[in-house]
Amino acid sequence: LEHLDIIQTNRANLILRLDNFRGVLKEYLLRDIIDVGGNDEQCLVEIFVEETSKQPGRVSKFASFHFRESVNYDLYIRRTLINTEKMYNEKFNLKDVLTLYFTRTGAREYRQMTLKYVDLQTMCRFLLESIRNAFQLNETSQLIQTVPIEGVQNVSKTKLNSNLDFQLQIDSTNIIINNFLIYRAVFTTKPLQLLAIIFNKRRSRFTIYIYSATYSLNAKKILPLKEVEFMIPHIRALLHLGLYKEIGFRLTRYLRNSLLVFAYSNWPDVRK
């Protein structure tokens, strides 16, 4: 590691720089994965809180605050449908969400409360259950495009991000290549590791990425198509028919044990 620092943008966002890596620093109140009933789909739910009016040049430490001060904070809910690669971002005023939460749970004199970090985490578990129940009531995850918080106004329109798409990328020689994200899934939950498989048509090879949420690092394994043919019979026909999800499922199942060892050997604590 040659370079490490933290910078602040003109929008008061903190950016961590590690050599060539750039990442936004956020403190999540909750990050969890839930199953979407009847779809073989999983949803990564992330909830965090930020000041409504962030000031450049000033870094505020999240601490306890009185209920009346919660109006100065916004609560963000991000939901990522892992297999279908869709992401939904929503923003609510924290005071509105807290009012609903305390009303639903029968809390008294909550307007006089001083809230701590653990209180917000408990509220987030309540929100997670609301999201989980909404998924179970619908047959398809595509129907759930807004977080079901009855009585609370969403202060920003639901935004669907497509930035998980890997259809076009640029390689080290600045040549545009055809990379297709054919499979994405949760590889392990404890610790949380995400797996993505990309197929490069021009080079006829697969690239398997395993992302560790613990270390914020990727492990990459490249497999030529000829090698994969020994693992998955008739894979060329499956590619021709566009059965990418089936290919990803079979390849992950075939290589699961070796990928577990491969990923484990790439994380910092093991390389020392």
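Could you check how much of the accessible area of segment 198-272 is carbon and sulfur, as a whole percent, using a 1.4 Å probe?
55 percent
Pull out the extension gain between K201 and L4, defined as 0.36 nm times the separation in residues minus the alpha carbon to alpha carbon distance; nm, one decimal.
Contour length minus Cα-Cα distance gives 67.3 nm.
Enter the accessible area of Y215 (Å², nearest 10), with the probe set to 1.4 Å and all protein chains included.
Y215 has an accessible surface of roughly 70 Å² with all protein chains in place.
Here is the link list: K26/K220; K26/K190; K26/K201; K86/K221; K91/K201. Which ones come out longer than 28 Å on Cα distance?
K26/K201; K91/K201
Mind checking the full-extension length gain between Y117 and Y254? Use 0.36 nm per residue of separation minus the Cα-Cα distance, one decimal, nm.
45.0 nm
How do S212, S130 rank by accessible surface area computed with a 1.4 Å probe, from largest to smallest?
Heavy-atom accessible area, descending, gives S130, S212.
About the Cα centre, and with charges only on the beta carbon of Lys, Arg (+1) and Asp, Glu (-1), how big is the dipole of segment 222-272? Nearest 20 debye, please.
80 debye
Can you give the FRET efficiency to the nearest 0.05 for R125 and E69, using r as the Cβ-Cβ distance and R₀ = 30 Å?
Result of the calculation: an efficiency of 0.85.
How far apart, in nm, are two points set 7 Å out from the Cα along the Cα-to-Cβ line at Y211 and at L225?
Result for the modelled spin labels: 2.7 nm.
The values are calculated or read from the model by the stated rules, or taken from the named source; none is laboratory data. Model, not experiment: these values are computed from the prediction. FYI the Cβ positions are ideal-geometry reconstructions off the backbone, even for glycines, and counts take in every protein chain you see. SASA here: full protein model, heavy atoms, side chains in, ligands and nucleic acids out. Shrake-Rupley method; radii C 1.70, N 1.55, O 1.52, S 1.80 Å.
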